[in-house]
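Comments concern the structure below.
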């Protein structure tokens, strides 16, 4: 029987961005950052929203910080996206399922958070909020037990993580020791044949710069239709593209099924960054929609749900390479055989140097050196919250 101190308080904060960018809402960057430079999106069919993702509001939510304090004063925390709306859900709805409870009851707490919000949740913002609470709970549990999260998940299956880099400069990623580079697709269907040619020309230039043995991938950010995605896959295959990622709307399971069926042999179809919970991933897996699933642990339901998603993928022989999310995915990836490598988001404006992904919110956030990283074995997720940033608790109780 657990003898851990009970949970005393749950608190939800938002971060007031000063315009310099950074943090869990990593799309909220200043002008000139590669992550906001004419990237293909579902909104690119409207010319006024084509140049910048911020123009249609990709950065409106901001960062959510969740703290969970035990009776003995130990505090676990986590950061994700969701901002003020998610803070409201955490404080006004989810906190009741934690305060006064044993922090080891992670399964029961998750179940109650999910099913109590199902009538207005199931995906998106509500599951982002649940994910933030779940991650903070795992962090608290690790601190109370004086164990890293990866130890509580069964222990590492490898000594260190190997990374590919996501950013606009795969050639720089190769110089920095990464095993591959995933580029944003810059032109979608609305830009016609000329846009398609530009996409392929960029891929060809990077292939020439990086050589034949370096992985190159396209991140399509839900921007394409089935016909365009199929054409892009076949043309890019000639240039050695390793995978085509999130080409279609996350709701179009049937489109993904057709894309995987029609893709060139050896070309991987990947998706799942904007999918949530075991039920969403069950659709992707049972319909054979993709070769790799890419849940974001801060959006899909947290570690508690990622365990279930990973097990389903493993049984199907499908790799699970979580989307970004820094230490929150590192602790999981290092414990799973079907997660043989990890993603690192290049958050430097020019995608030309390695900087911490969630800076300045996390203190002690590890980054890959020469494309590799040993997961820190400090308790919890092994990072601390930067108390010098402007935290605001909009729904204090």
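Numerical summary
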read-out: Selection status of residue 320, over 22 Å from residue 25 (Cβ atoms), touching a strand residue (DSSP E or B) at 6+ places or on another chain (Cβ under 6 Å) and crowded, with 23+ Cβ neighbours inside 10 Å; value: yes
read-out: Residue check, residue 304 surrounded by fewer than 24 Cβ atoms within 10 Å (Cβ to Cβ), out of contact with any strand residue (DSSP E or B) (no Cβ under 8 Å at 6 or more places or on another chain) and in a helix (DSSP H, G or I); value: yes
read-out: Qualifying position, being at pLDDT 95 or above and more than 23 Å from residue 183 (Cα to Cα), among 277, 271, 230; value: 277
read-out: Residue count, the stretch 379-395 (criterion: within 28 Å of residue 333 (Cα to Cα) and crowded, with 17+ Cβ neighbours inside 10 Å); value: 7
read-out: Qualifying helices (runs of 4 or more DSSP H) (wholly inside the stretch 204-294; at least 1 residues being within 20 Å of the chain's Cα centre (by Cα) and surrounded by fewer than 16 Cβ atoms within 10 Å (Cβ to Cβ)); value: 277-286
read-out: Residues that are touching a helix residue (DSSP H, G or I) at 6+ places or on another chain (Cβ under 7 Å) and more than 30 Å from residue 337 (Cβ to Cβ), drawn from the stretch 162-195; value: 168, 171, 185, 186, 187, 188, 189
read-out: Index of the failed condition, residue 40 passing every other in (1) buried (at least 22 other Cβ atoms within 10 Å of the Cβ); (2) on the phi < 0 side of the Ramachandran plot; (3) in contact with a strand residue (DSSP E or B) (Cβ under 7 Å, 6 or more places away or on another chain); value: (3)
read-out: Residue satisfying condition, being touching a strand residue (DSSP E or B) at 6+ places or on another chain (Cβ under 9 Å), modelled with pLDDT of 95 or more and not assigned by TED's automatic domain parsing to the domain that holds residue 373, within set 173, 168, 136; value: 136
read-out: Criterion violated by residue 322 - all others in (1) closer than 19 Å to residue 157 by Cβ; (2) outside any loop (DSSP other than H, G, I, E, B) satisfied; value: (2)
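The values are calculated or read from the model by the stated rules, or taken from the named source; none is laboratory data. Every value quoted in this text rests on a predicted model; they were computed, and no experiment measured them. Glycine gets a Cβ as well: all are built from the backbone with ideal geometry, and neighbour counts include every protein chain shown.
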